[in-house]
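Here is the structure we will look at.
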Amino acid sequence: MSERDVTARMADGVAAIAAADWDACSGADNPFLSHAFLSILEESGSVSPRAGWQSLPIVIDGADGRPAAIAPAYAKSHSQGEYVFDHAWADAWHRAGGRYYPKLQVAVPFTPVPGPRLLLRDAALAPALIGALEAVTVQQGLSSAHATFVAPEQVPLFEAAGWLIRAGTQFHWRNDGYDNFDDFLGALASRKRKGIRKERAAAVAGLTVRHLTGAQLDEAAWDAFWIFYQDTGARKWGQPYLTRRFFSLLGERMADRVLLILAERDGRPIAGALNLIGADTLYGRYWGATEEVPFLHFELCYYQAIDAAIARGLRAVEAGAQGEHKLARGYAPVPTWSAHFLPDPNFRRAVADYLAHEREAVAADRAFLDTMTPFRKAGAA
């Protein structure tokens, strides 16, 4: 199939595409890109035009009539829930007399997890799929298209198409073949080892920590976690992005890919951290608590996640966006990438200049952070 023969279509939501067809393009490694996860967002009402996320996947069908390339695209009427901030761009465009929203967003809503943004059963269709995103942006008179948290191996595809590349930083934990948590601590400097042991002991004093997955995820567990999630969401975003029904559907349809870590006092949950399990990575997503307990956030979100990853033989823990406090807990800085298509040449030129300087600053900051990791230096105890 030549690029001239390719025809793209816009689907009316993820649910309009058969699960088997979607997953044949997305693969099974990253749970956030699965048909189950993305359709749960829609069915629960977490993603909808009313919420400012209109699901409009861009699809190219193969010779067999089934989807061979998909971009999980959304028409956005705001910039919330993206974790790559373009509010300054929107302000500049509005001051110049333009209309920034709606824009086209290629992403997993509310999820700062790197992964493919071109879901390809046929890898040769990548340029055509990017071209389809550009065509939709221009034909619909949109200000821009944005692919956020792009897997590193796909960044060159967007770059070759002339999209602007933006850099960011997250903090991930890497499993270097550790047998247990103490084995991991052995890789750290002595002072850091002692500090982490003290934090862990203080965090769980008088508490019981439970790991729930599969059939253990009942409605009582979700009721408890919903309270935690609402509290954190209200403090961070003003209102939670996800509905209560989202969590019930997640438990119904993806229970084996969910790890819910609860801290209990006398049998009553007081805090929790929600994770999703990928092929080789544990993804930390949400956390909340009804009691203020020193270091409990670090324990449930970072240390317990490391325990779980080691026990499952997973390669990494990705514990969400930002957070330099993760550095002292053995999570190292890694680059993240997004790609941006701006049809207006003057707007593109201004943003390109900004991004060139921003990338230099982000790289310099990450190089400095690399020197601050808690791991033992060569020859140190």
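The values are calculated or read from the model by the stated rules, or taken from the named source; none is laboratory data. What you see is a predicted model, and the numbers here were worked out from it, not measured in a lab. Reconstructed Cβ throughout: ideal geometry from the backbone, glycine too, with neighbour counts over all protein chains shown. Just the protein is used for accessible areas: all its heavy atoms, side chains included, with ligands, DNA and RNA removed. Shrake-Rupley method; radii C 1.70, N 1.55, O 1.52, S 1.80 Å.
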Pairs under 9 Å by beta carbon, first residue without any contact (Cβ under 8 Å) to a residue 12 or more places away in the chain in region 137-163, partner open to solvent by 70 Å² or more (accessible area, probe 1.4 Å) and assigned to a loop (DSSP other than H, G, I, E, B), six or more apart or different chains? Gly141/Arg99
The condition from (1) in contact with a Ser or Thr (Cβ under 7 Å, 6 or more places away or on another chain); (2) surrounded by fewer than 19 Cβ atoms within 10 Å (Cβ to Cβ); (3) not basic (Lys, Arg) that Phe341 misses is numbered (2)
Regarding Val362, is this residue open to solvent by less than 60 Å² (accessible area, probe 1.4 Å), of a type in the set (Val, Ile, Thr), out of contact with any Pro (no Cβ under 6 Å at 6 or more places or on another chain) and not in a strand (DSSP E or B)? yes
Failed item, numbered, when Ser46 is tested on (1) under 20 Å from Val138 (Cα atoms); (2) among the polar types (S, T, N, Q); (3) in contact with a Pro (Cβ under 8 Å, 6 or more places away or on another chain): (1)
Out of Ala305, Ala279, report the one residue that is open to solvent by 10 Å² or more (accessible area, probe 1.4 Å), at pLDDT 95 or above and either under 27 Å from Asn180 (Cα atoms) or acidic (Asp, Glu) (or both). Ala279
Looking at region 111-142, which of its residues are more than 19 Å from Val47 (Cβ to Cβ), open to solvent by less than 10 Å² (accessible area, probe 1.4 Å) and in a loop (DSSP other than H, G, I, E, B)? Leu118
Within region 308-328, which residues are assigned to a helix (DSSP H, G or I), open to solvent by 30 Å² or more (accessible area, probe 1.4 Å) and farther than 16 Å from Thr281 by Cβ? Glu324, His325, Ala328
Picked from region 91-107 (must be hydrophobic (A, V, I, L, M, F, W, C) and surrounded by fewer than 22 Cβ atoms within 10 Å (Cβ to Cβ)), the residue farthest from Asp280 (Cα to Cα) is Ala96
Against the condition charged (D, E, K, R), out of contact with any Lys or Arg (no Cβ under 8 Å at 6 or more places or on another chain) and either surrounded by 11 or more Cβ atoms within 10 Å (Cβ to Cβ) or at pLDDT below 95 (or both), how does Asp353 come out, does it pass? no
